[in-house]
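Before any comments, here is the structure.
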Amino acid sequence: MKTIRFVFFLAVLVSYSANAYELATHGRLTNEAYKHSVLVKDPELLKQLGIKDKPNAFGESYYDVSGSEVRERQKNDFEESRDRMPREVNPLSLPGWLLRGAIREDDAYGEDNPQDDRDPANATLRRPLHHFFDPANNRPLTVTGIGLLDSDIHTAPAWGLGTTNANAFTQPNTPETGRRNHFTVFDAREAMYRALTGKNLAGDNVATTKEQRNRYWATAFRALGDVVHLIQDMGQPQHTRNDAHSGECSAALNAPAVAATSVPATLTEAVKTLQARRLA
Ligand SMILES: [Zn+2]
């Protein structure tokens, strides 16, 4: 009987703890994945890529590429503050850039994160709204009122790959034109190509100095980190259904008083999901 009670207690504990990952959790999950990846386990790989694994691997800036526009961005203290990165990771090392992407993938308009990918199309971008995918119904986050926040919600696979929702599984190598996510698999691949060759896919010289090529390496690993964040989210049941999962706010959101307000409760949940990131 004691065993049954203990198992029941554990089940309650586990289900109560199933909230969205905080940014520090994304950082730690990514660091563990890095340690088990070929980047660490294959000693020849970095040599072949011409990368030296050192505390400051690529400098302090990266590129935000959108079509023919290339904006230089600086690393931000946000990523390493409040222990979002584990202390064993140097923020400017190769794993530091991976973790930076995993942490910044939750950037959202109206929150306290840097949100530096503000081209006109991204002025009010809330990235977490595109972190959901219900595979049973092939749908993104579709809670009532969500269209008021964003009229073009992507599934997590489409958001990470850089395709439209329709093409994510049927034409995964067809990039979405004018996509708002500038840190997709396509962007990681293009940045890596530019870092290695100094040219873009069209053959134009786009990186003529060592510093520019290093910025593209930083971009490639940051974009990979953004994609890794989405894979981590897909390991959470809440991200695969239209469930409320707003960290410490979830209990309040599910209270009857919230459902009775004039704002649809589901929309409130979506907003609170974004606001919960401030707790990290
Ligand atoms: Zn997320």
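Does any residue of the range 103-117 turn out to be crowded, with 18+ Cβ neighbours inside 10 Å, within 16 Å of the ligand (Cβ to nearest atom) and assigned to a strand (DSSP E or B)?
Within the range 103-117, one or more residues are crowded, with 18+ Cβ neighbours inside 10 Å, within 16 Å of the ligand (Cβ to nearest atom) and assigned to a strand (DSSP E or B).
Taking the criterion of being crowded, with 16+ Cβ neighbours inside 10 Å and away from the ligand (no atom under 16 Å from the Cβ), would at least one residue in the range 121-128 satisfy it?
Taking the range 121-128 and keeping what is crowded, with 16+ Cβ neighbours inside 10 Å, we get 122, 125-128.
From the residues that got through so far, the ones that are away from the ligand (no atom under 16 Å from the Cβ) too are 122.
Yes, there is a match, as at least one residue in the range 121-128 is crowded, with 16+ Cβ neighbours inside 10 Å and away from the ligand (no atom under 16 Å from the Cβ).
When the range 18-38 is examined, which residues are found to be part of a helix (DSSP H, G or I) and more than 14 Å from the ligand (Cβ to nearest atom)? Even if it seems obvious, please write down each step before you answer.
Narrowing the range 18-38 to residues part of a helix (DSSP H, G or I): 23-35, 38.
If the condition is that a residue be part of a helix (DSSP H, G or I) and more than 14 Å from the ligand (Cβ to nearest atom), then ARG28, ASN31, GLU32, ALA33, TYR34, LYS35, VAL38 are the ones that fit.
Tell me whether the range 201-221 contains one or more residues that are more than 27 Å from HIS26 (Cα to Cα), touching a residue at least 24 places away in the same chain (Cβ under 8 Å) and out of contact with any Cys (no Cβ under 9 Å at 6 or more places or on another chain).
Yes, there is a match, as at least one residue in the range 201-221 is more than 27 Å from HIS26 (Cα to Cα), touching a residue at least 24 places away in the same chain (Cβ under 8 Å) and out of contact with any Cys (no Cβ under 9 Å at 6 or more places or on another chain).
Select from the range 164-205 the residues that are aromatic (Phe, Trp, Tyr) and part of a loop (DSSP other than H, G, I, E, B) and list them in ascending order.
Passing the criteria: PHE169, PHE183.
Scan the range 82-94 and give yes if some residue there is touching a Lys or Arg at 6+ places or on another chain (Cβ under 9 Å), free of Cβ contacts under 8 Å to residues at least 24 places away in the same chain and more than 16 Å from the ligand (Cβ to nearest atom), otherwise no.
From the range 82-94, those touching a Lys or Arg at 6+ places or on another chain (Cβ under 9 Å) are 85-86, 90-94; that's our starting set.
Still in the running and free of Cβ contacts under 8 Å to residues at least 24 places away in the same chain: 91.
Filter once more, keeping what is more than 16 Å from the ligand (Cβ to nearest atom): 91.
Yes, because at least one residue in the range 82-94 is touching a Lys or Arg at 6+ places or on another chain (Cβ under 9 Å), free of Cβ contacts under 8 Å to residues at least 24 places away in the same chain and more than 16 Å from the ligand (Cβ to nearest atom).
Do you know which residues across the range 43-97 are among the aromatic types (Phe, Trp, Tyr) and more than 21 Å from HIS26 (Cα to Cα)?
Filtering the range 43-97 down to residues among the aromatic types (Phe, Trp, Tyr) leaves 58, 62-63, 78, 97.
PHE58, TYR63, listed by residue number.
Being at positive phi and polar (S, T, N, Q) is the filter here; which residues of the range 99-158 pass it?
If the condition is that a residue be at positive phi and polar (S, T, N, Q), then GLN115, ASN138 are the ones that fit.
Of the residues that make up the range 84-92, is at least one polar (S, T, N, Q) and buried (at least 19 other Cβ atoms within 10 Å of the Cβ)?
Filtering the range 84-92 for residues polar (S, T, N, Q) gives 90.
When the remaining residues are screened for being buried (at least 19 other Cβ atoms within 10 Å of the Cβ), the result is none.
No.
Evaluate the following for HIS36: is it modelled with pLDDT of 90 or more and surrounded by fewer than 15 Cβ atoms within 10 Å (Cβ to Cβ)? Write out each step before concluding.
Working: modelled with pLDDT of 90 or more: yes; surrounded by fewer than 15 Cβ atoms within 10 Å (Cβ to Cβ): yes.
Against the criterion (modelled with pLDDT of 90 or more and surrounded by fewer than 15 Cβ atoms within 10 Å (Cβ to Cβ)), HIS36 qualifies.
The values are calculated or read from the model by the stated rules, or taken from the named source; none is laboratory data. Note that the structure is a prediction, hence the values are computed from the model and not measured. No Cβ is skipped: glycine too gets one built from the backbone with ideal geometry, and neighbour counts run over all protein chains shown.
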